[in-house]
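Notes to accompany the following structure.
The values are calculated or read from the model by the stated rules, or taken from the named source; none is laboratory data. Nothing here was measured: the structure is a model prediction, and the numbers come from that model. Note that we place each Cβ from the backbone using ideal geometry, even for glycine, and neighbour counts take in every protein chain shown.
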Amino acid sequence: MQRTEILHWLQETDEARLEELWARADAVRAANVGDEVHLRGLIEISNFCVRQCAYCGINACSQGITRYRMPPAEILACAREAHRLGYGSVVMQSGEDPGLRAETIADIVREIKTTTPLAVTLSLGERDDDELKAWKAAGADRFLLRFETSDPALYDVIHPSLPGTLSDRMAQLDRMRAFGYEIGTGVMVGIPGQTWEILAQDIDTFRRYDMDMIGIGPFLPSPRTPLGGPDAASYLAPPDRQVPNDELTTLKAVALTRIVCPRSNIPSTTALATLDPKAGRELGLCRGANVVMPNVTPPEYRVLYEIYPGKACVHETAQVCHGCMEARIRSIGRTMGKGPGGRR
Ligand code: SAM
């Protein structure tokens, strides 16, 4: 599918035509990654962050948040819980937190890898090559770093550089692949300033980089941030060009991504479940996704990892999240994935 066709499908509104898109995406998913839904236990290990991402509720400038950094023993307990629940991997995610020392992360990764069969994914933002190599050597398997937008001008608007550093996320993704990581990336749908052309280019970029994992969720405004605050409208593209941050557009982006990246692992995201608590997870899985990321962070930390308000599953324990995910997966006739569920 060429970029012009992606662009056309993103703007398609005819329900009968969209049924064709859903059927095609689901068939590509079934043929290439099968009916298994892989579960990744998400551990939100720190909400400290040095960056000012204009969309993110835990950015460095966000006021009134209690910051936390989980002690290693508690992170390891979460990993053991994920294993006990039958998950094949864990994702350790945080703000960009230099207080998470490279040796500490390496020790945690090594301990998980030597005591469990779990695959370990890191999502810790932009880090030095020495750190990335040390974590790989300790046994880390995968790294998630969303490029957020493939448009350099929009990237600069939504990522003011200070007090963080200038970014080249694409270059880090390339280097991580060279270090042996499976690499994951993604974008938000409907971020202010995102045009239809930019979103089509984002999807084409997933294909060009042959990304192993691709997370796509709606942009959900956080009132703590410039893009969710009183001046948010000033960031919008003209109405006929601005992508809406709604469920339908997110599902189209997921379906098109599945079609152009048939073998990638694609989660049905928490942001989608937040937008549509009743059916968002299932709809994502029926329109191309093959992964879910149940939260195994202890609830007392989970409420503090507020990247946007009203996040799905915030008040549930890992056990409750697990039961809910399992029921949702079975309700659409799919099966729980076994093993680490790496890129085929
Ligand atoms: N610090 C790491 C990084 O930057 O890659 C990982 C944590 S960051 C909070 C994880 C992802 O949350 C981001 O890549 C972004 O796409 C998503 N996110 C942040 N704010 C959001 C919002 N307001 N709505 C939807 N997704 C958001």
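Assuming Asp174 fulfils every condition listed in (1) within 15 Å of the ligand (Cβ to nearest atom); (2) part of a helix (DSSP H, G or I) apart from one, which condition is it?
(1)
Go through the range 277-305 and report how many residues are more than 17 Å from the chain's Cα centre (by Cα), under 20 Å from Ile214 (Cα atoms) and either within 16 Å of the ligand (Cβ to nearest atom) or of a type in the set (Ser, Thr, Tyr) (or both).
0
Please go through the range 126-143 and give me each residue that is over 17 Å from Asp212 (Cα atoms) and outside any helix (DSSP H, G or I), ordered by number.
Within the range 126-143, Glu126, Arg127, Asp128, Gly139 qualify.
Residue check: is Arg146 part of a loop (DSSP other than H, G, I, E, B) and either within 16 Å of the ligand (Cβ to nearest atom) or in contact (Cβ under 8 Å) with a residue 12 or more places away in the chain (or both)?
Criteria met by Arg146.
Has the range 118-125 got any residue that is more than 14 Å from the ligand (Cβ to nearest atom), more than 20 Å from Arg175 (Cα to Cα), at pLDDT 95 or above and in contact with a helix residue (DSSP H, G or I) (Cβ under 8 Å, 6 or more places away or on another chain)?
yes
Within the range 92-100, does at least one residue satisfy the condition of being surrounded by fewer than 23 Cβ atoms within 10 Å (Cβ to Cβ), modelled with pLDDT of 95 or more, away from the ligand (no atom under 12 Å from the Cβ) and not in a loop (DSSP other than H, G, I, E, B)?
No, because not a single residue in the range 92-100 is surrounded by fewer than 23 Cβ atoms within 10 Å (Cβ to Cβ), modelled with pLDDT of 95 or more, away from the ligand (no atom under 12 Å from the Cβ) and not in a loop (DSSP other than H, G, I, E, B).
Select from the range 222-265 the residues that are among the charged types (D, E, K, R) and surrounded by fewer than 17 Cβ atoms within 10 Å (Cβ to Cβ) and write down the one among them that is nearest to Met188 (Cα to Cα).
Asp246
What's the total number of residues in the range 207-253 that are outside any loop (DSSP other than H, G, I, E, B) and among the polar types (S, T, N, Q)?
4
Is it true that some residue in the range 75-86 is closer than 15 Å to Asn47 by Cα and within 21 Å of the chain's Cα centre (by Cα)?
Checked against the condition, which is being closer than 15 Å to Asn47 by Cα and within 21 Å of the chain's Cα centre (by Cα), the range 75-86 yields at least one hit.
Out of (1) in contact with a strand residue (DSSP E or B) (Cβ under 9 Å, 6 or more places away or on another chain); (2) in contact (Cβ under 8 Å) with a residue 40 or more places away in the chain; (3) within 15 Å of the ligand (Cβ to nearest atom), what's the single condition that is false for Tyr235?
(1)
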